[in-house]
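K.L.:
Encoded as structure tokens, here's the structure I'll be asking about.
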Protein chains: 6
Amino acid sequence: MYSVCVRDHFMVAHSFKGETFGPAQRLHGATYVVDVEFRRPALDADGLVVDIGRAAAALHAVLETLNYRNLDDEPAFAGRNTTTEFLARAVFDRVRDAIRAGALGETARGLARMKVTLHESHAAWAAFEGDV
Amino acid sequence: MYSVCVRDHFMVAHSFKGETFGPAQRLHGATYVVDVEFRRPALDADGLVVDIGRAAAALHAVLETLNYRNLDDEPAFAGRNTTTEFLARAVFDRVRDAIRAGALGETARGLARMKVTLHESHAAWAAFEGDV
Amino acid sequence: MYSVCVRDHFMVAHSFKGETFGPAQRLHGATYVVDVEFRRPALDADGLVVDIGRAAAALHAVLETLNYRNLDDEPAFAGRNTTTEFLARAVFDRVRDAIRAGALGETARGLARMKVTLHESHAAWAAFEGDV
Amino acid sequence: MYSVCVRDHFMVAHSFKGETFGPAQRLHGATYVVDVEFRRPALDADGLVVDIGRAAAALHAVLETLNYRNLDDEPAFAGRNTTTEFLARAVFDRVRDAIRAGALGETARGLARMKVTLHESHAAWAAFEGDV
Amino acid sequence: MYSVCVRDHFMVAHSFKGETFGPAQRLHGATYVVDVEFRRPALDADGLVVDIGRAAAALHAVLETLNYRNLDDEPAFAGRNTTTEFLARAVFDRVRDAIRAGALGETARGLARMKVTLHESHAAWAAFEGDV
Amino acid sequence: MYSVCVRDHFMVAHSFKGETFGPAQRLHGATYVVDVEFRRPALDADGLVVDIGRAAAALHAVLETLNYRNLDDEPAFAGRNTTTEFLARAVFDRVRDAIRAGALGETARGLARMKVTLHESHAAWAAFEGDV
């Protein structure tokens with residue numbers, strides 16, 4: 001299995017609901033450094049899993065829909081705790097939609113699987129992995 | 001599949017038995033920077049894989065049983081080479097026991113799999129991965 | 001010149017005022033991974049710049065005064081843009097005050113200089129450096 | 001499953017053929033920081049996945065066949081785009097051949113799987129993973 | 001003293017002249033991950049050392065003049081060994097010229113000093129530091 | 001001012017004397033990832049601060065005098081606490097001696113200053129910096 005991974009980041013405010021979260025129930029924020037790993041069993045005719053430039057541009061476009069926002073005000077996340085693992089899934093879904101819409105080119109049709117990792121600090125990260 | 005990973009470290013002395021180990025047969029030591037990745041197929045009611053604060057505290061408690069020790073003197077490891085991969089398994093077993101004992105809360109019952117990685121330098125690491 | 005550096009992090013919400021900031025004028029947030037480097041020309045009687053355990057505890061206590069907060073609501077920062085470089089100075093001042101109050105022990109009287117670095121992503125950081 | 005991973009690097013020139021590659025069609029170059037992860041279900045008699053020293057030496061020998069070269073001139077890669085993912089596979093094949101030739105010792109017969117990751121910058125990497 | 005640092009990268013081919021360089025006399029290449037640290041004694045009216053967005057854009061524009069090139073063919077470097085430390089100075093000079101030309105805005109007039117670091121692998125880097 | 005920095009590591013056992021050290025008074029150990037930064041005001045005739053290959057080899061030779069040892073048994077450190085900052089100075093002195101003995105070549109006569117940093121974990125490091 002081949003992989004290609006690109007990295008970018010976004011910065012948001014949010015708060016969590018539930019006693020589990022302790023002081024994180026207050027409005028606070030995070031930088032998420034995002035790694036998106038694309039996997040496929042064979043390379044395309046150019047020798048690529050996916051074009052890194054297009055992958056990076058598609059990821060950046062997805063993160064622009066989240067960047068510099070208070071996630072508590074985002075209708076798409078109403079009633080949900082936007083935990084790091086939840087957001088990893090949200091980024092996964094949006095990148096998968098971009099792939100299906102052709103944003104990564106025809107070659108990206110061969111992608112089999114994807115893993116999205118969000119690093120929230122030097123000491124913790126979360127991820128979502130699934131089929132494309 | 002969702003993941004959450006927390007990082008901590010511990011510092012030990014030890015020596016190895018066997019010609020394979022060359023100069024590492026002498027008493028020496030290591031810092032192990034430890035990543036524990038918890039995995040489950042669905043999030044809990046709070047939107048979590050596991051509470052990062054509780055996971056970090058449980059990992060820290062496990063590492064306190066190893067930290068600042070000469071592993072050559074630990075009865076639990078008698079007759080064994082405490083290689084990085086062996087220690088990854090030892091940390092795995094102790095964190096799994098903590099999960100079973102409820103140290104990560106009821107929600108941690110949904111955990112399916114775990115990977116423990118020990119970084120021994122900037123250029124080498126070892127890991128153990130298995131079902132919880 | 002000797003140095004010792006310890007690392008921790010905090011997570012906040014804030015917004016900026018001024019056209020320069022573009023979309024960062026919206027309420028958003030950041031994780032700041034913080035490095036505090038302590039410097040002195042000679043070691044103390046124990047062979048230390050500063051006790052790493054006490055330094056880490058003192059830094060953690062300072063960051064608790066900022067962590068999980070919306071900095072737009074903090075009276076101490078009223079009317080100021082809490083940029084990364086501004087916050088590096090704020091952390092510097094609070095750690096220096098802790099040193100002067102004896103939180104790092106008598107030995108810390110020998111500290112000459114300090115540098116506080118705040119990493120806001122994998123691609124940008126800011127710092128403040130000055131005499132203690 | 002146990003893993004051991006060792007890191008090294010190599011530096012090459014190359015160019016790519018095809019409009020997809022834009023400015024990377026020009027002769028340019030890259031540093032590839034290489035991680036090779038070896039996996040096996042059980043440890044050997046010494047408590048090892050593989051001897052880290054031998055693994056590092058075998059990897060270094062493989063990378064010497066690529067290091068400080070213009071890959072456009074390498075007969076082994078004639079007519080191919082030496083993309084990061086393609087090179088991850090090439091390193092994988094050469095390390096696997098070294099294992100089969102006994103370069104990692106008898107114990108390496110127990111290796112089940114291997115993942116080779118090539119980091120091409122702070123923001124992108126590619127990998128190939130397969131059975132040994 | 002305040003600092004702000006931004007990171008980017010570029011990928012080039014080159015070769016070195018002189019026996020000192022051993023196999024690096026052959027045409028090869030490198031990825032350089034570049035950190036540019038801007039320093040000034042006081043913040044501007046917005047609370048900034050320099051606008052991170054403008055700094056990143058100016059650095060990217062400078063690196064585009066080097067990226068995806070064979071430095072042996074660059075007239076600006078004729079007769080010179082484009083070592084990592086030499087290139088750190090070249091990037092320094094071009095960023096300083098951009099500052100003087102106003103590419104980082106009026107506020108950048110207050111910049112006092114700059115350090116450019118080029119990471120050539122996980123185990124080596126070089127830098128040039130000087131007054132702006 | 002130009003810099004070149006090379007990285008390596010060593011692994012030792014030791015213990016500390018004094019109540020300040022708490023559990024670190026027990027025999028334990030550490031991996032130290034070592035960065036040695038060499039500085040000089042002008043490049044040599046080859047365009048170098050110092051040859052990276054020779055610098056790496058000289059550093060490796062110095063670290064071999066410490067690697068895989070129990071520092072409590074080293075006569076050179078008798079009666080001293082081998083703290084991270086103390087060891088940074090010890091490495092500094094030994095590399096400086098190697099420079100003076102010609103191990104880095106004639107060109108290394110131009111070196112002005114050196115900084116040795118020892119990373120003891122992902123969250124702490126110490127350094128010694130001085131004139132060569």
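K.L.:
Count, please, the residues in the range F:9-31 that happen to be in a strand (DSSP E or B) and either surrounded by fewer than 23 Cβ atoms within 10 Å (Cβ to Cβ) or within 8 Å of chain B (Cβ to nearest Cβ) (or both).
P.N.:
Total meeting the criteria: 9.
K.L.:
For the range C:65-72, state whether one or more residues are part of a strand (DSSP E or B), facing chain E (nearest Cβ under 10 Å) and open to solvent by less than 50 Å² (accessible area, probe 1.4 Å).
P.N.:
no
K.L.:
On the given criteria, is D:GLU85 out of contact with any His (no Cβ under 6 Å at 6 or more places or on another chain), of a type in the set (Asp, Glu) and in contact (Cβ under 8 Å) with a residue 40 or more places away in the chain?
P.N.:
Yes: the conditions hold for D:GLU85.
K.L.:
May I pose another question? When the residues of the range E:93-122 are filtered to those that are away from chain F (no Cβ under 11 Å) and of a type in the set (Asp, Glu), which remaining residue is most open to solvent (accessible area, probe 1.4 Å)? Reasoning before the result, please.
P.N.:
Of the range E:93-122, the ones away from chain F (no Cβ under 11 Å) are E:93-112, E:114.
Then keep just the ones that are of a type in the set (Asp, Glu); that gives E:93, E:97, E:106.
On the way: E:ASP93: 42, E:ASP97: 80, E:GLU106: 131 Å².
It comes out as E:GLU106.
Let's see how each residue does on (1) within 9 Å of another protein chain (Cβ to nearest Cβ); (2) under 18 Å from A:SER121 (Cα atoms); (3) in a strand (DSSP E or B):
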site: C:ASP46; (1), (2), (3): yes, no, no
site: C:ALA58; (1), (2), (3): no, no, no
site: C:VAL62; (1), (2), (3): no, yes, no
site: C:ARG80; (1), (2), (3): yes, no, no
site: C:PHE86; (1), (2), (3): yes, no, no
site: C:ARG89; (1), (2), (3): yes, no, no
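K.L.:
Still on this structure: Which residues, taken from the range F:32-43, are open to solvent by 10 Å² or more (accessible area, probe 1.4 Å) and in contact with a Lys or Arg (Cβ under 9 Å, 6 or more places away or on another chain)?
P.N.:
Once the filter is applied, which keeps residues that are open to solvent by 10 Å² or more (accessible area, probe 1.4 Å) and in contact with a Lys or Arg (Cβ under 9 Å, 6 or more places away or on another chain), the range F:32-43 yields F:VAL33, F:ASP35, F:GLU37, F:ARG39, F:ARG40, F:LEU43.
K.L.:
In the range D:76-92, which residues are over 8 Å from the mean Cα position of the chain (by Cα), farther than 15 Å from A:ARG40 by Cα, open to solvent by 10 Å² or more (accessible area, probe 1.4 Å) and not basic (Lys, Arg)?
P.N.:
Hits for the range D:76-92 are D:ALA76, D:PHE77, D:ALA78, D:GLY79, D:ASN81.
K.L.:
Please list, ordered by first then second residue, the pairs with beta carbon atoms under 6 Å, 6 or more apart or interchain, first in the range F:15-43 and touching a residue at least 12 places away in the same chain (Cβ under 8 Å) and within 30 Å of F:VAL132 (Cβ to Cβ), second assigned to a strand (DSSP E or B) and open to solvent by 60 Å² or more (accessible area, probe 1.4 Å).
P.N.:
Short answer, once both residue conditions are applied: F:ASP35/F:ARG7; F:ARG39/F:ARG113.
The values are calculated or read from the model by the stated rules, or taken from the named source; none is laboratory data. Treat the numbers as computed from the prediction; the structure is a model and nothing was measured. Here the Cβ is made from the backbone with ideal geometry for all residues, glycine too, and neighbour counts use every protein chain on show. Calculation scope for accessible area: heavy atoms of the full protein, side chains included, ligands and nucleic acids excluded. Shrake-Rupley method; radii C 1.70, N 1.55, O 1.52, S 1.80 Å.
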